[in-house]
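Written out below as structure tokens is the structure these notes cover.
The values are calculated or read from the model by the stated rules, or taken from the named source; none is laboratory data. The structure displayed is predicted, hence computed values, not measured ones. Glycine gets a Cβ as well: all are built from the backbone with ideal geometry, and neighbour counts include every protein chain shown. Just so you know, the surface numbers come from the protein's heavy atoms only, side chains and all, with ligands and any DNA or RNA stripped out. Shrake-Rupley method; radii C 1.70, N 1.55, O 1.52, S 1.80 Å.
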Amino acid sequence: MDVLLCAACGHRLTAPVRRLDEIPGSGGRDGLPGPGEACRPPALLPRGRYAVDPLPHGAPFVPAPRDREYDGVVPGGPWRSDARGLLVSAGPRGTYVLHPLDVVALDPHPDVTRHIGCCGPDGEHGVNRLCRCGAEVAIAADDCTTEYATRLVPGAVRAVPA
């Protein structure tokens, strides 16, 4: 079992959690109300577990490489497009993915543009949670349109035995 701490101040950011070798396959959306009556997908990970995602996640988004054909799969989250064409995530790699209820004592980021979403933050606009010391440590996704997970950012946190 591990706990994840803020690298800047050492504050504990999670309950004790056990590392999984990979993120389990998504169960998909069931359309039923979840915690707080929001219609969101099931949590990406079960309570008491965490995994490290090797793929990039969230903002910033950059044009997809032109040397590969679009196959409907976009590493790092949902596809996006704008005037530049298909965009893929160039966000942080190696995020610690947890069930949101295993993460404790985080404050919302003061930049409200990082909280965009339908029912809650979609987690696609950069780090949106702070440690009590003010360090940017997590990306919370709590929306009906995206995954239900909290991702702690590598370099801003460290895992230690519980």
Selected residue (criterion: modelled with the lowest pLDDT) from residues of region 75-85 that are farther than 17 Å from Pro24 by Cα and assigned to a loop (DSSP other than H, G, I, E, B)
Pro78
Taking into account only those residues within region 34-53 that are touching a strand residue (DSSP E or B) at 6+ places or on another chain (Cβ under 7 Å), open to solvent by less than 80 Å² (accessible area, probe 1.4 Å) and not in a loop (DSSP other than H, G, I, E, B), which is modelled with the lowest pLDDT?
Cys39
The correct count of residues that are β-branched (Val, Ile, Thr) and open to solvent by less than 20 Å² (accessible area, probe 1.4 Å) in region 91-136 is 2
What is the number of the single condition among (1) closer than 18 Å to Pro60 by Cβ; (2) surrounded by 18 or more Cβ atoms within 10 Å (Cβ to Cβ) that Tyr148 does not meet?
(1)
Residue that is nearest to Ala159 (Cα to Cα) [pool: residues in region 86-106 that are at pLDDT below 95 and in a strand (DSSP E or B)]
Ser89
If a residue counts only when it is among the hydroxyl-bearing types (Ser, Thr, Tyr), which strands (runs of 3 or more DSSP E) contained entirely in region 107-162 have at least 1 such residues?
148-152
Residues located in region 1-15, provided they are in contact (Cβ under 8 Å) with a residue 12 or more places away in the chain and small (Gly, Ala, Ser):
Ala7, Ala8, Ala15
Checking Ala64, Ala15 in turn, the sole residue that is modelled with pLDDT under 90, more than 19 Å from Glu147 (Cα to Cα) and open to solvent by less than 40 Å² (accessible area, probe 1.4 Å) turns out to be Ala64
Lone unmet requirement of (1) of a type in the set (D, E, K, R); (2) touching a residue at least 24 places away in the same chain (Cβ under 8 Å); (3) over 23 Å from Arg19 (Cα atoms) for Asp102:
(3)
